[in-house]
Amino acid sequence: MSPRRARIKKLASHREKELERHASRLAQAQAAVSAARSLADAEARRVEAAERERCNLADGAVAGDRWREANEWLEMRAFHHDAALHHLAGARSVAERAREELLEARAALRRLEVLDERLASAEARVLERRENALHDEIAAQKSARARRGG
């Protein structure tokens, strides 16, 4: 193996480790998206429950304080739901960025692998030419001996 191929192999090893790190980051980001989605869904259910509670209060006679508390509770639940949706959007953005970085790392590794394959093929062609030249030289020497001796 040529020194150039050895350097490429070493660089490919580093790129493989980098690819693994990116895959790990993507997995973590996807887990964060899943957790954020669960939180957003839970908050949506809480908003629906607060809306139902307020609607139930609207059906009957209710004290002003109770109505105000129900409204405040609904507003707070809506605020928490919006925050959860914002967090989910951020987690999705991070996951998308991690996915893009993973794809870039995979492409970089693949480019190195293709380069290594091309260099190996070129080295094999050079060795084959040398071997063919050596066989031709040996055959020429045998032929010359046969003409002299024969």
Inside the stretch 79-100, can you point out the residues that are buried (at least 16 other Cβ atoms within 10 Å of the Cβ) and among the small types (G, A, S)?
A84, A91, A95, A98
Can you name every residue in the stretch 71-98 that is of a type in the set (A, V, I, L, M) and either over 13 Å from E48 (Cα atoms) or touching a Cys at 6+ places or on another chain (Cβ under 9 Å) (or both)?
A83, A84, L85, L88, A89, A91, V94, A95, A98
Read through the list (1) over 28 Å from Q28 (Cα atoms); (2) surrounded by fewer than 14 Cβ atoms within 10 Å (Cβ to Cβ), then give the number of the only condition that A107 fails.
(1)
Give the residue that is nearest to A95 (Cα to Cα), with candidates limited to residues of the stretch 27-42 that are among the polar types (S, T, N, Q) and within 13 Å of the chain's Cα centre (by Cα).
Q30
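No value in this document is a laboratory result; all are computed from the given coordinates. Here the structure is a predicted model, which means the values were calculated and not measured. Please note: Cβ atoms are built from the backbone with ideal geometry, for glycine as well, and neighbour counts cover all protein chains shown.
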